[in-house]
Every structure is written in structure tokens, then in C-alpha cells.
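The values are calculated or read from the model by the stated rules, or taken from the named source; none is laboratory data. Only a predicted model underlies this, so the values are computations on that prediction, with no experimental measurement involved. Note: ideal-geometry Cβ built from the backbone for every residue, glycine included; neighbour counts use all protein chains shown. Accessible surface areas use protein heavy atoms only, side chains included; no ligands, DNA or RNA. Shrake-Rupley method; radii C 1.70, N 1.55, O 1.52, S 1.80 Å.
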Amino acid sequence: MNIVQNAINGQRVTSTSSNRVPVFNPATGEQSAELPLSSVDEVNAAVAAAKAAAPAWGDTPALKRARFMFRFNELLNQHADDIAREISKEHGKTHDDALGEVARGIEVVEFACGIPSLLKGDFSRNVGPSVDTVADRKPLGVVAGITPFNFPAMVPMWMYPVAIACGNTFVLKPSERDPSAPMLVWDLFQEAGFPDGVLNVVHGDKLAVDTLLDHPDVKAISFVGSTPIAEYVYKRGTDAGKRVQALGGAKNHMIVMPDADMDKAADALMGAGYGSAGERCMAISVAVPVGEKTADALVAKLKPRVEALKVGPATDSDAEMGPLITKAHQDKVLGYIDEGEKAGAELVVDGRGYAPQGYEEGYYVGGTLFDRVTTDMSIYKEEIFGPVLSVVRAKDYSEAVDMINAHEYGNGTAIFTRDGDAAREFADKIEVGMVGVNVPIPVPVAYHSFGGWKRSSFGAHGMYGPEGVHFYTRLKTITTRWPGGIKEGAVFTFPS
Ligand code: NAD
């Protein structure tokens, strides 16, 4: 059995922990690896390696740090296909989708290559007589990232390229469900020539996370995962005096206005609702057509598309969506479909009981479509994280907007319309962090920043882009006066 290793101080090391969990291939239901849950000592060793590497790395000129990133970027591009295969094997997403994930991760590395200009700082001459001010951004030291299963390569790369380019060293605790892709990426990172200890990876569960949250040498925590854990990480990490950014779950709505192109809206909902089997924090899980006629037309367009959805393993190049991550998650999603039906929603397409031929033990759920969902139902209120799209009919635009604003989550949202006035007002007023106008999944590019509102995000900073640079650095402002001022004698008042 393949044992997933840690990576500490430039070496792959096998954990001595006897506490081990299986890793599965969700397409077949077979176990593909075993993952030791690292002990407190092993996590401490990773932090110690990062701490030892931090001073020299922080003092390395930004231009030189960027050159390592350029090499890393090249290697990622050369091995994108291998990384994508590794993702699909343990996550289950299609190869093309996994390649898209790698591409979005690479974009953050490209952003990090520009770190010399991003860290340039501000300078003001003559803020007072013979007084100059420099505002500089310094690295924090050791920072850590804790990541979810749904983007095993990309979400870690939202964090460490920026953190490391800023001069920090990093400890990554990836998801225990698909740990191999981040290890392959770590191999490429080492091959790029970064000094040992700059990036370390420890696998584990709550114990490893708590050890990082409480560790006095870890100065900041980046977390992405479900909302209850994000909130827990935020509270425990900030209690320990750390900077924390913790991104949580989502329930993303897409408004379809009566003037929208219904075919385009339906196609957008197919990709955004069912891509990656709905296991995306930016997936659209609620369609909100405005008016009964719009709703009837939209559901009529969606039904045949959902019925025709090709579900299968990543090895099938025709598959448009793969299995869910685990048997437990498959059961949870099936449970939500049962609940929705019992609560009285209209089950237009039922994905229960589906498995591709020859893959009966895989964790599949077919594309599922509910109509006439109401806001009191659990399938509306909670994040399902599966291929289940709910249609909630709104009588007018205001009702649609009020519904979105009242939801506890505020990660992403979209409006499909031809009307500039409605689109502009929506973008301005909606209480959601990432907004798409005729764009169903408005994930910001790497040189902007990613982040939701409300219970989709805890902490003040978004991930990557300028927000990432601010999160991973602290401001130092230096005020300098050279002889000519002080030689006249002591000054006891603010200069005016
Ligand atoms: P999860 O919360 O179960 O796990 C995330 C990480 O937290 C993992 O590394 C896990 O080992 C760790 N963890 C789990 N339980 C813990 C506990 N009790 N104490 C400490 N650490 C713990 O999330 P998941 O199922 O891997 O990922 C899916 C979730 O992530 C969804 O809710 C999805 O919306 C969310 N997500 C959000 C974003 C975003 O940007 N907002 C992006 C991707 C995924």
C-alpha cells in the first residue's frame, strides 16, 4: 500500500504515526493509499524547519525569490498533465477540469513572480523639515495553510506562492482525502531549487490543525474549508494571537432575469451547477428565475440538459462530471435529495441510484434538478456540495435580491440579463463578495483577490492578489531625519 509521506526540511519523510486513514479512488471505491495522521512532534518538526529557514529566506532579495518562482512556474507547466492525473485519481474530477484547476494555481505563481514590484513600498520626501518616510512591508516569519479536498492543488497554491514570495516560510496541512497532488507539487517546488524548509507539508487531522493553531512560532493561518471549521480555526487562531484568514462554505445564487438568453443561462447553470459534481465553493446551487414565465422556460431548458449529463470516471474522456469524494459524502448528498422530496420540492431530474457500468462501487450521484424549492427547506438553506441544483422562483427582481441578501452565506453570485441598469444595481447592492454579470462563476483572476462575505469568510483579507500580499506581510513605517534638525536641540512638541 502506498503510504503518503510528509515533507519536512527538504526531505520526504514517512510519518511514524500508527494512526492511519485510508485514501480512496472515488471512481472505483478502491483504497489507493494510506495516510498517517501526523503527531504533535511531527507537526512541531515541520514548524521548526520553517522557522530555521525563515531568517535567510526573508533576507533574500525579492528579485532572487522571484527567480525561484519563475523556475517553479516552468516546472508546473511542464508537469500540468501529471498533476491533473494525480488530482483526478483521488478527487474524481474529470481530467480537463483538473487541468483547469492546475492552470488557476499556476496563475497565482505567475502573480508571485512579480513580487519585487508588489513589495516596492511607499516613500514620501520632506514629510517635515528634513524628514522622510518609508513604508515597507516585511514578512511575518512562519505561516501555515490548511486546505480542503475540493481543489487539492489549487487552493494550497492560492496561499504559499504569495506567502513565500513575500519572504515567509510555510507549513501546509492539506486535506487528508486527496493528499497526493500537493505532494507532487511539493516535489516540483523542491526541484525549482528553493532552500530546504521554505515549504513543508504535514498530513493530519484536527490534532495537526490544532497544533498549528496553538504554535507560538506560527504567525498567521490561512484556512479554506467548511464554515463550522473556518469559524473554529478563526476563533482559536486569533485567540492565540495570530493573523487568520478563514474562508468557509457557500450557497451561490444565480438570478435569471426575463430578458436573459435562456439557452445561455441554462448552459451556464449546467457548468456552474454540475461541473466538478457541484463540489466547488463557487458552484451555483440555486437558480432564481424572475417571474413564472422565466421559470417555466428555464426549467424546460434545464431538464433535458441535466438528463443528458454524462457522469463517469476521469478515465472516460466523455465524462462531464465525476463521482463525489467519499462514500460518506455520497450518502449525505443522497440524504439531501430525500429531504427535498419529502419537503415538497418538485424533483424534476432524480440522480439517485446512478452508477456508470463497471463502476458500481464508485461514489456517484447523477445530476439532480429540483423546482419550486422554498427558502425554508434544508436543500435551500444548507450547502449540499453535490450535483443538485435548486430552482427557487421569485416573483420579481426585489424578491430575488432580498433572498440572496438574507442567506447566511455570501461567497459568489451572478445575474443573467441584457439590462445594464439591473446588472449595475445588482453588482452594487448585493451582499456577496464575488459577483458575476452574465458570468456564472466569477472567480477573480490571480492579480485580483478572492473572498466571500458573511459566513463564507472570517478575517479581514481575501486570498492571493494584493490582499494576499497584505495578509502575508506587516507594515513597517520608517521616519528618518538627518542632521540639521536635531542639532538645534531637543524638540518636545509635534512639528506643525
Ligand atoms: P473541511 O472543513 O471538512 O476540511 C478543511 C480542512 O480542515 C481539512 O484540511 C481538514 O483536515 C481540516 N479539518 C476538518 N475537520 C477539522 C476539525 N474538526 N478541526 C480542525 N481541522 C479540521 O472541508 P472539506 O470538506 O475538505 O471542503 C469542502 C468545504 O470547503 C465546503 O464547505 C466548501 O464550500 C469549502 N470551500 C470553500 C472555499 C472558499 O474559497 N470559500 C474554497 C474551497 C472549498
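Just a few scattered comments:
- The chain: relative contact order in percent, alpha carbon pairs under 8 Å with at least 6 residues between: 18
- Heavy atoms of Asp428 accessible to a 1.4 Å probe, total area in Å² rounded to 10: 110
- With the helix formula -39500 (n - 2.57) applied to DSSP H stretches of n ≥ 4, the chain reaches a computed 222 nm mean residue ellipticity of -12000 deg cm²/dmol.
- Beta bridges per DSSP, both residues in the stretch 251-371: antiparallel share near 35 percent.
- Placing dummy labels 7 Å off each Cα toward the beta-carbon, the span from Asp214 to Lys310 is 5.2 nm.
- Here the extension length gained between Glu382 and Ser124 equals 87.8 nm, from 0.36 nm per residue of separation less the Cα-Cα distance.
- Counting heavy atoms of the protein chains alone, Val155 has an accessible area of about 0 Å² for a 1.4 Å probe.
- Residues in the stretch 412-432 that a label on Glu399 would reach, taking backbone N under 20 Å of a point 7 Å out along Cα→Cβ: 414-417, 422-423, 426, 430-431
- Label point at Arg474 placed 7 Å out along Cα→Cβ; residues across the stretch 120-144 whose backbone nitrogen lies under 17 Å: 135-144
- Taking every DSSP bridge with both residues inside the stretch 329-444, close to 30 percent are antiparallel.
- Trp453 sits with roughly 130 Å² accessible to a 1.4 Å probe, with DNA, RNA and ligands left out of the calculation.
- For the cross-link pairs Lys310/Lys395; Lys251/Lys395; Lys173/Lys235; Lys303/Lys395, the ones whose C-alpha atoms lie over 23 Å apart are Lys310/Lys395.
- Label-point gap, in nm, between Phe492 and Ala406 - each point 7 angstrom along Cα→Cβ: 6.4
- Estimated inter-spin distance, Lys327 and Glu110, nm [label 7 Å along Cα→Cβ]: 4.2
- Amide proton proximity set for Ser38, modelled H, under 5 Å, gap of 5+: His203, Gly204, Asp205
- Alpha-carbon centroid distance for the pair the stretch 320-352 / the stretch 394-440, whole angstrom: 26
- The stretch 267-296 and the stretch 1-62 have Cα centres spaced 37 Å apart.
- Across the chain, Cα-Cα pairs more than 35 Å apart make up 37 percent of the total.
- Legend: calculated FRET efficiency, Asp132 to Lys235, from the Cβ-Cβ distance at R0 = 35 Å, rounded to 0.05, equals 0.25.
- Contact order normalised by residue count of the stretch 312-426, Cα under 8 Å, 6+ apart, percent: 20
- For the chain: accessible area per residue (Å², 1.4 Å): 41
- DSSP-defined antiparallel bridges as percent of all bridges, the chain, nearest 5: 45
- The stretch 371-386 and the stretch 65-138 have Cα centres separated by 37 Å.
- Flagged links, alpha-carbon separation over 24 Å, of Lys89/Lys454; Lys219/Lys381; Lys332/Lys381; Lys64/Lys89: Lys89/Lys454; Lys219/Lys381; Lys64/Lys89
- Taking each residue as 0.36 nm, the span from Asn2 to Lys342 lengthens on full extension beyond its C-alpha to C-alpha distance by 118.1 nm.
- Based on Cα contacts under 8 Å between residues 6+ apart, the stretch 1-160 shows a relative contact order of 19 percent.
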